[in-house]
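Input: a single structure, listed below in structure tokens.
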Amino acid sequence: MRFAETGYNLEVDLSTGNVERVETDPRWTEQHLGGLATSSRILWDRCPPEVEPYSEENLLIFAAGLLVGTPAPGANRTVVTTISPQSLFTAYSMMGGFFAPELKHAGYDKLILRGRSPSLVYLWIHNDKVEIRDAAHLAGKGANETADLIRAELREPKAQVAAIGLAGENRVRFASIEHGRSSASRLGIGGVMGDKRLKAVAVRGTRDLNVARPAEYMELCNWVLKYIGIREQKPVPGVMPILAGLGSPQEMKLIDEEWHTTNFMWGNSRTRRRDFWTKEIEEKWKGTQESVRKRLVSCYNCPMKCGATISVPGVATYMMKCFSKLTYTMAAYSDLDFGFRIAQRATEYGVDAFSAPQVMAYGLELLEHGILGPADFEGMPADNEGRFYWLLDRIVRREGIGDVLADGTYWAAKKFGKAAEDLAHNNIKKHEQLPLKLGMLNPVYFLMYCTGEKSNITQIEGQFPQAPFATMAEREDFVKDWVQVPDEKFKKYLLDWELRGERSNPNYPTVEMSCDIVDWQERMHHIDDALGMCAGLGSFPLKPPYHIHNYPAFIAAAAGLDIDEAGLTTIARRNRTLLRALNVRRGLTRDDERPPDDHWKKRFPDLEQKLLDGYYKFKGWNLRGIPTESTLNGLGLGFVADDLKKRGLAIDDDHPSHGQDSAPADHPKAAS
Amino acid sequence: MDPTSKKRKKLVKTIRIDVDKCNGCRACEVICSSFHASPKYSSSNPERSRIRVIREPLRDIYVPVYAGEYTAAECSGRDKYTIDGKAYDECAFCRASCPSRSLFKEPDSGLPLKCDMCESDPPLEEPMCVQWCLNDALVYEEHEVEVEEEEGVEQGELELGLESLVDRHGLQKLMDTIARMKKKG
Ligand code: SF4
Ligand code: SF4
Ligand code: SF4
């Protein structure tokens, strides 16, 4: 008997209509756990680098992590993995909600889709019964609307649905997959679903999911609930409210947006408005939020409430979470009411709420700078908000200028030349970033921005505070009950970290410490993503219930896999390295690993190169950012080494053996 | 008052449900199914839970409903509520395991489920679904009332299951089947 996992994947070939239930190899669970990691392994085996994102050969994998569906609070993530049409690297986007647990109860750890259907279809999975059904009548329908229509026609109110809107159908390169209160948004996976002509997946499962050591496991789960209860009463002092508690940033609950509106950038990540937040705005926004917010809602088996049901008069009800509340508002220099209104339409269309607003603001910049002319925007209303609605409508339909913008700022800029490329200033690896421009380089964030395989900071950052505490008393207070640290040295890093002076950014944390800190944060994300645990209770917040010291016990009791911290750390390293190798095989180089040029005002080219050198070395990668042969072999990834070698990728160790101070003159330097 | 009637004290166990506090997480379903698994906590499956949350997020409908009595035949009349402008589905608040719907039936056998207030030995301080509802949408209360002495015992789970099988297949067929199974050993 398999524990925690079902031991089966569902394979569907949309070209031929072939459906298979395939038993998985339990050794993969021992090596990788599951979720993102085993999906990466499948991509490695079955998606060679020649595979185009929009092709029959590309795979679209919906994975439920190893602990999903067990009683562990927050174990509910669906990880969607594919080759990104935007970055052309691996895309993995996670969504909360209710989909993955339902998939597990239907008897599958993953749904693996390949091929391309001849016409628009949806998939209906009801335990063993799997049907590919016609979706002609759903063409052009909104994502939420589609979910409702499918539940009604199947007469299955309890079916969980993941669907695309018009953006996905029209292969917008930043289209999302929507699932009620949640969405898998980043890197254009909705476009891949649309390319496969798959409008939606509906699933209903009524089977048991077993755990190996029931009493032990329940004790651990009960402890998590108790800890969450206590932690909710004890927000971390001295940090911004959104960082003080557990869960995703509590954007739906919190009203005070002074920090975001005066620190994040408006427009196309362009302007900082330090004086924006006034008493008047506060009153007005409070009124708006309280009047449209009907209820705070959670994901499967989680006591937190990170999402909300939003009902704006005159607009259909929808659900929202996190920062999408402000992305449209700020991109358009508008008002919160506008943000809530347009987000409803954007959710039905299914677009990434980080990329879409920036792309629209970028489009208007092209007009302002005369790179595009009024003829390109014919029919666009004159009022500010109206222009954003108009652009959104064009983009998801790929009409006129919308057809170019639908490819995102990077690819659109390519069409219009140098001046346009300069305006597309907020990308990493072709992917729009948080609208954030700062002063002094932060070495830890520099590394995370550069090297994160998903190119999305919120999927890398986590358990180490983002900034130093001002006073020693605060620091001492913080480290007092900091049990989550993998090693005592992290406490010292924090205690010594100052706002100013020698031990402050950019030279402190030092290169070595920065590598340690990044490594810890990544490790936790990779564990969460393999287990299907919400980052909001694991890798993302300060002082979470799940951490490196107690995860081995959860995995042992649920899945019957006896591993210790060292073993779990090795698995996380293996998984992280495999993902890196996937991207290296698809052409990722050191030159790609750079934050937007204007991300920080104060940059330090030499230090930055030292940071990258140090990080690569720490990871066992060479100066090109490629895992070395001995690293790969040591992690049991010899097959990866063989493949990279066969393809002529240099996997030798080219770090100088003495004097870590300077990099060799000929190593590729990223221009900045 | 009739002086001949015998009174006895009975403990009434109540779960107060505040739908306004429900965040729709279904933790109550998870833990109920896990608590009633055998061995205890060895598996989870909301379909086996004795509490189900009727959820329609986009209509802001969240109604935790406890499995009540098994009924062999559906009601001849149905109810439909509108509260605060929200129209609830037919029978939304009904607790019965009823042939008209799939709610509160074991997924494999179709046998009815009924909330037993997590009866166990030693008794729990609070039912599991209440313990796992950190949002206080479910709150446990106990109070004593005086009731007439009654004969008879509460219908147990096995009896409840058998009754539903009798309803479905007839007593004779059921007894024949049991006899046959007994022979097979
Ligand atoms: S912490 Fe928030 S986002 Fe995470 S599972 Fe819970 S409700 Fe969902
Ligand atoms: S556990 Fe509580 S909040 Fe969660 S669904 Fe059940 S009743 Fe609602
Ligand atoms: S009281 Fe116990 S048996 Fe009844 S629904 Fe709650 S957990 Fe289930």
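The values are calculated or read from the model by the stated rules, or taken from the named source; none is laboratory data. Please read these numbers as outputs of a predicted model, since none were measured by experiment. No Cβ is skipped: glycine too gets one built from the backbone with ideal geometry, and neighbour counts run over all protein chains shown. Note: areas computed on protein heavy atoms with side chains; ligands, DNA, RNA excluded. Shrake-Rupley method; radii C 1.70, N 1.55, O 1.52, S 1.80 Å.
Quick notes on this structure:
- Ligands, DNA and RNA are left out, and with a 1.4 angstrom probe the accessible area of the range A:8-204 is 26 Å² per residue.
- For A:Asp134, A:Asp195, the ranking by accessible surface with the largest value first comes to A:Asp134, A:Asp195, using a 1.4 Å probe.
- Taken along the Cα-to-beta-carbon direction at a fixed 7 Å, the label points for B:Ser100 and A:Asp591 span 7.0 nm.
- With kT/(6 pi eta Rh) evaluated at 20 °C and eta = 1.002 mPa s, and Rh the Kirkwood radius from Cα pairs, chain A diffuses with a coefficient of 85 µm²/s according to Stokes-Einstein.
- Using a 1.4 Å probe over protein heavy atoms, the accessible area lost on pairing B with A, summed over both chains, comes to approximately 2900 Å².
- Difference of contour (0.36 nm per residue) and Cα-Cα distance, A:Val483 to A:Lys226: 90.9 nm
- Restriction of the GluC sites (Glu not before Pro) in the range A:30-120 to DSSP coil positions whose beta-carbon has at most 11 other beta-carbons within 10 angstrom yields A:Glu50.
- Calculated on the alpha-carbon coordinates, the convex hull of the range A:438-658 measures out at 131 cubic angstrom per residue.
- Applying the criteria of a DSSP loop state and at most 11 other Cβ atoms within 10 Å to the trypsin sites (Lys or Arg not before Pro) of the range A:120-229 yields A:Arg155.
- Burial annotation for the range B:35-60: residues with an accessible-area loss of at least 40 Å² between the isolated chain and the complete set of protein chains, computed on heavy atoms with a 1.4 Å probe, are B:Tyr41, B:Ser42, B:Ser43, B:Ser44, B:Asn45, B:Glu47, B:Arg55, B:Leu58, B:Asp60.
- Across all C-alpha atoms in the range A:8-204, the radius of gyration and Dmax reach 15.0, 44 Å.
- Counting only protein heavy atoms and a 1.4 Å probe, the range A:238-354 has 35 square angstrom of accessible area per residue.
- Label-point gap, in nm, between A:Glu20 and A:Ser504 - each point 7 angstrom along Cα→Cβ: 6.1
- For chain B, modelled as a GNM whose springs connect Cα atoms under 10 angstrom apart, the maximal fluctuation among B:Met117, B:Met175, B:Met128 occurs at B:Met175.
- As a length-normalised measure over Cα pairs under 8 Å and 6 or more apart, the relative contact order of the range A:48-169 settles at 20 percent.
- Per residue value of the accessible surface for the range A:438-658 (all protein chains in place, 1.4 Å probe), Å²: 35
- Site pair A:Thr278 and B:Tyr81 shows an inter-label distance of 4.7 nm when each label is modelled 7 Å from Cα along Cα→Cβ.
- Cβ-derived FRET efficiency at R0 35 Å, B:Asp18 paired with B:Glu90, nearest 0.05: 0.90
- Ranking by accessible area, most exposed first, for A:Glu498, B:Glu74 with a 1.4 Å probe: B:Glu74, A:Glu498
- Accessible-area value, B:Ile54, 1.4 Å probe, nucleic acids and ligands omitted, Å²: 40
- Given B:Lys13/B:Lys114; A:Lys454/A:Lys619; A:Lys418/A:Lys601; A:Lys253/A:Lys294; A:Lys110/B:Lys40, the pairs whose alpha carbons are separated by over 19 Å: A:Lys418/A:Lys601; A:Lys110/B:Lys40
- Chain B has equivalent-ellipsoid semi-axes of 29, 24, 20 Å, by the square roots of 5 times the alpha carbon gyration tensor eigenvalues, sorted largest first.
- If the convex hull is drawn through the Cα atoms of the range A:162-210, its volume per residue in Å³: 98
- When only Cα pairs below 8 angstrom with a gap of at least 6 residues are kept, the range B:9-144 shows a relative contact order of 34 percent.
- Accessible surface of chain A [probe 1.4 Å, protein heavy atoms]: carbon and sulfur percent: 50
- Where Rh is the Kirkwood radius over Cα pairs, Rg/Rh for the range A:364-432: 0.95
- Computed E for A:Asp562/B:Leu171 - FRET, C-beta separation, R0 56 angstrom, nearest 0.05: 0.65
- Per residue of B:19-30, other chain Cβ atoms within 10 Å of the residue Cβ number 6 on average.
- For the set A:Lys104/A:Lys158; A:Lys286/A:Lys321; A:Lys141/A:Lys325, the pairs lying more than 20 angstrom apart at their alpha carbons are A:Lys141/A:Lys325.
- Each Cα pair under 8 Å and six or more residues apart adds its separation to the average, and for the range A:438-658 the resulting relative contact order is 24 percent.
- Per residue, the convex hull volume that the Cα atoms of the range A:390-521 enclose (Å³): 150
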